[in-house]
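Working notes, beginning with the structure itself.
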Amino acid sequence: MTTLEVNQIIDNARFTRFHWMVMCLCGLLLIFDGYDLFIYGAVLPVLMKEWGLTPVQAGALGSYALFGMMFGAFVFGPLADRIGRKKGVALSFVLFSAATFLSGFATTPTEFGIYRFIAGLGCGGLMPNAVALMNEYAPKRARSTLVAIMFSGYSLGGVLCAGMGIYMLPRYGWQSMFFAAAVPLVLLPVIVWKLPESVGFLLRKGQDAKAREMLGKVAPGVPLPAGAQLVMADAKGAGVPMFDLFKQGRTVGTLMIWVSFFCCLLMVYALGSWLPKLMANAGYSLGSSLSFLLMLNFGGVVGAILGGWLGDRFSLPKVVVAFFALGTVSIALLGFNSPMPVLYLLIAIAGATTIGTQILLYANTAQFYPLSMRSTGLGWASGIGRTGAIVGPLLGGSLMAAALPLKMNFLVFAVPGLVAALAIGVFILWYGRNPASAHATAPAPHPAASGSV
């Protein structure tokens, strides 16, 4: 019997309207996801004043949604494998939209924290499933670029959140920001109708006819004979025990990847949660403080797309080091008295080199591990990164409670960027320019590895 390899068909497909539709829908979902995650930073100055929150309490409250994200990834990942990515994405979307809407009715910090945790569950389930769906359907030659453009939707959500906050907070109060999160639910029928199901899931469930229909949209010019059997290698790999990530010379690489993920997400969520409040304390108006959050996320959009483009054309680890180094300098300079245009530029660079660097770290991690353990490697790196995301708002609250000068707060926020740059620097020295060379690395690194950099 003739067999057709599904991955090969998808990898070699031309870019079509189908790919455009998948990218736009997944990007749109990440816009809503980003709005939900950055909303706390936008309303934090008002909430602290209205509820009399201490900085430590505010930092803890900001971490509830991030705890929810961590658990959501563990819950909705396996669930999507059973019910399909399309249903997993739709369920996550409804959950975080509804919980965010209900947050506007909260009258106490405890009630608010519960709703934020539930919203985090949905956010944690949506992002990895949407990214995986885009990865599965994107042609190989355009995969990095398409995922980067889609991922920029996350930052666009932050831009939307900050822009709406500038207009809505002074006029309608903080609750209106959360009520607005219900509006995207009107698009649920469109998402259920147009978002494609994973072709791998369809084949696993024996739905060959639907899988053929989907492949016909992905690669309309490729013949799919009725008698041919569709086969698909498990692109995610079967998964391996966590300790295998430290075997065959991968110990240093795994540790450096974990350190960089932790530091990157710590900076993203520390700035996202506390930038408006820090700037308000420095004497800027609420509108100006929110415009800084808008610029941070606008920089994140540029950084995600530029990072994906540079990563495809240059040594990926070196691009990551350069982004972290730029991020360290720009964040450290935020605490100094600068002219307004310079301040906006520094914030945009900080956004590009923290939010934008996330996608580079995922790509570098995927290249580092062989196919058989790629899923495990990405899962653990992402999990370590989420702990950094939880620490970020808590760190900001502790710094605010210590009543340090403004420049000291930003210098502390910049330290993780320096640590991450050093970690990836060690990664480069250990494995050379190409992280994929680690696939064949012996237990001890060859001296030539560092000499080839």
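The values are calculated or read from the model by the stated rules, or taken from the named source; none is laboratory data. Not measured: the values here are computed from a predicted model. Here the Cβ positions follow ideal geometry from the backbone for every residue, glycine too, while neighbour counts run over all protein chains shown. Remember, those area values only see protein heavy atoms, side chains included, never the ligands or the DNA or RNA. Shrake-Rupley method; radii C 1.70, N 1.55, O 1.52, S 1.80 Å.
Using a 1.4 Å probe and ignoring any ligands, DNA or RNA, find the accessible area of Thr3 and quote it in Å² to the nearest 10.
Probe radius 1.4 Å; accessible area of Thr3 about 80 Å².
Quick one, can you get me the convex hull of the C-alpha atoms of the chain expressed as volume per residue in Å³?
Values: hull volume 63.7 nm³, N = 453.
Each residue corresponds to 141 Å³ of Cα convex hull volume.
Estimate the FRET efficiency between Trp51 and Lys194 by the formula 1/(1 + (r/R0)^6), using the beta-carbon distance for r and 41 Å for R0, to the nearest 0.05.
Values: r = 41 Å, r/R0 = 1.00.
Efficiency for this residue pair is about 0.50.
How long are the semi-axes of the ellipsoid equivalent to region 29-81, from square roots of 5 times the Cα gyration tensor eigenvalues, in whole Å, largest first?
Working: eigenvalues 149, 38, 6 Å².
Equivalent ellipsoid of region 29-81: 27, 14, 6 Å, largest first.
Under a crude label model (7 Å from the Cα following the beta-carbon direction), how far is Gln229 from Met242 in nanometres?
Going from the Gln229 label point to the Met242 one covers 3.8 nm.
Starting from the Cα of Met408, step 7 Å along the direction of its Cβ; do the same at Lys217; then give the gap between the two resulting points in nm.
5.7
What are the ³J(HN,Hα) couplings of region 52-67, residue after residue, when phi is run through the Karplus curve with 6.51, -1.76, 1.60 and θ = phi - 60°? Round to Hz, x for glycine and proline.
x, 6, 6, x, 5, 4, 5, x, 5, 4, x, 7, 4, 5, 6, 4
Pop the C-beta distance of Met21 and Thr110 into the FRET formula with R0 = 35 Å and round what comes out to the nearest 0.05. Could you put the intermediate results ahead of the total?
Values: r = 42 Å, r/R0 = 1.20.
Calculated value: 0.25.
With a 1.4 Å probe and every protein chain kept in, tell me what percent of the accessible surface of region 108-163 is carbon plus sulfur.
On the way: 1180 of 1670 Å².
Using a 1.4 Å probe with all protein chains present, region 108-163 comes out at 70 percent carbon and sulfur.
Along region 189-199, what does the Karplus equation 6.51 cos²θ - 1.76 cosθ + 1.60 (θ = phi - 60°) give for ³J(HN,Hα), rounded to whole Hz, x for Gly and Pro?
x, 5, 5, 5, 6, 9, 5, x, 7, 4, 5
Among the listed pairs Lys247/Lys318; Lys217/Lys318; Lys86/Lys247, which are separated by more than 27 Å between their Cα atoms? Mind dumping the intermediate values first?
Details: Lys247/Lys318 24 Å; Lys217/Lys318 37 Å; Lys86/Lys247 35 Å.
Flagged as over cut-off: Lys217/Lys318; Lys86/Lys247.
Ignoring ligands, DNA and RNA, what accessible area per residue does region 44-195 give at 1.4 Å, in Å²? Write down the numbers at each step before the final one.
Working: 6040 Å² over 152 residues.
On a per-residue basis, 40 Å².
Taking square-rooted eigenvalues a ≥ b ≥ c of the alpha carbon gyration tensor, is region 269-382 rounded, prolate or oblate, where a/c under 1.5 means rounded and, failing that, a/b exceeding b/c means prolate? Don't jump to the answer; show the numbers that get you there.
Numbers: a/c = 2.95, a/b = 2.16, b/c = 1.37.
It is prolate, given that a/c is not under 1.5 and a/b is the larger ratio.
Which distance in nm do the two modelled labels at Ser285 and Asp312 give, with both placed 7 Å along the Cα-to-Cβ direction?
It works out to 4.3 nm between the two label points.
Taking amide H positions as placed 1.01 Å from N in the peptide plane, with prolines and chain starts having none, which residues 5 or more places from Leu230, or on another chain, fall under 5 Å of its amide H?
Leu4
Could you tell me which chymotrypsin sites (Phe, Trp or Tyr not before Pro) in region 270-357 are loop residues by DSSP with no more than 13 other beta carbons within 10 angstrom of their beta carbon?
Numbers: sites: Trp274, Tyr284, Phe292, Phe298, Trp309, Phe314, Phe323, Phe324, Phe336, Tyr344; in loops: Tyr284, Phe314, Phe336.
Those that pass, being in a loop and sparsely packed, are Phe314, Phe336.
How would Trp193, Trp20 rank on accessible area, largest to smallest, probe 1.4 Å?
Working: Trp193 180, Trp20 140 Å².
So, going from the largest accessible area down, we get Trp193, Trp20.
Using the Karplus equation 6.51 cos²θ - 1.76 cosθ + 1.60 (θ = phi - 60°), what ³J(HN,Hα) coupling, rounded to whole Hz, does each residue of region 112-121 give in order, writing x for Gly and Pro?
In residue order, the calculated couplings are 4, x, 5, 5, 5, 5, 5, 4, x, 4 Hz.
What lysines could a cross-link reach from Lys277, if we take a straight Cα to Cα line under 18 Å and drop same-chain neighbours fewer than 8 places away?
Reachable lysines: Lys49, Lys407.
For a test of the definition: using alpha carbon positions, the gyration tensor, and the 1.5 limit on a/c, classify region 146-295 as rounded, prolate or oblate. It would help to have the intermediate numbers written out before the result.
Working: a/c = 3.55, a/b = 1.51, b/c = 2.35.
In terms of gyration-tensor shape, oblate.
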